[in-house]
Amino acid sequence: MNVLGKWFSKKEKLKIEFCEKNLDRFYSEEDFVQFSTLFNDKRIEYKEYQCQSKCKECKKSPYAIVNGEMITCESPLELLGTLKKMNK
């Protein structure tokens with residue numbers, strides 16, 4: 001039964017929140033295409049907010065709030081890689 005539990009265990013969904021202003025500031029159309037594969041995963045819930053009141057961080061680098069924790073990276077593609085690792 002322990003083996004079956006490992007095979008059929010439910011993984012917690014990643015709840016990812018983005019700031020619209022941060023997306024406009026750092027992301028290109030190509031970046032959004034790259035992110036689409038991640039967003040098609042059923043274990044991902046994402047939402048875009050007009051503003052998250054994190055203006056200081058928002059101006060510095062791409063970020064996302066993942067399950068309540070702020071994740072910042074140097075580039076959108078680096079953030080994508082981090083999110084993919086968190087989803088494994």
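Assorted remarks:
- For the chain, the relative contact order works out to 35 percent when only alpha carbon pairs closer than 8 Å and six or more residues apart are counted.
- Taking the C-alpha atoms only, the angle from helix 76-86 to the longest principal axis of the chain is near 20 degrees.
- Cβ-placed point charges (K, R +1; D, E -1), dipole of the chain about Cα centre in debye, nearest 20: 500 debye
- In nm, spacing of pseudo-spin labels at Leu77 and Thr37 (7 Å Cα→C-beta vector): 1.2 nm
- Angle of helix 29-39 to the longest C-alpha principal axis of the chain, folded into 0 to 90 degrees and rounded to 10: 20°.
- Restraint check, Lys21/Lys54; Lys15/Lys42; Lys21/Lys47; Lys21/Lys88; Lys13/Lys88, Cα-Cα greater than 22 Å: Lys21/Lys88
A short reminder: the numbers here are calculations on the coordinates, not readings from a lab. None of these values were measured; they are calculated from a predicted model. As a convention, Cβ positions derive from the backbone with ideal geometry for all residues, glycine included, and neighbour counts pool all protein chains shown.
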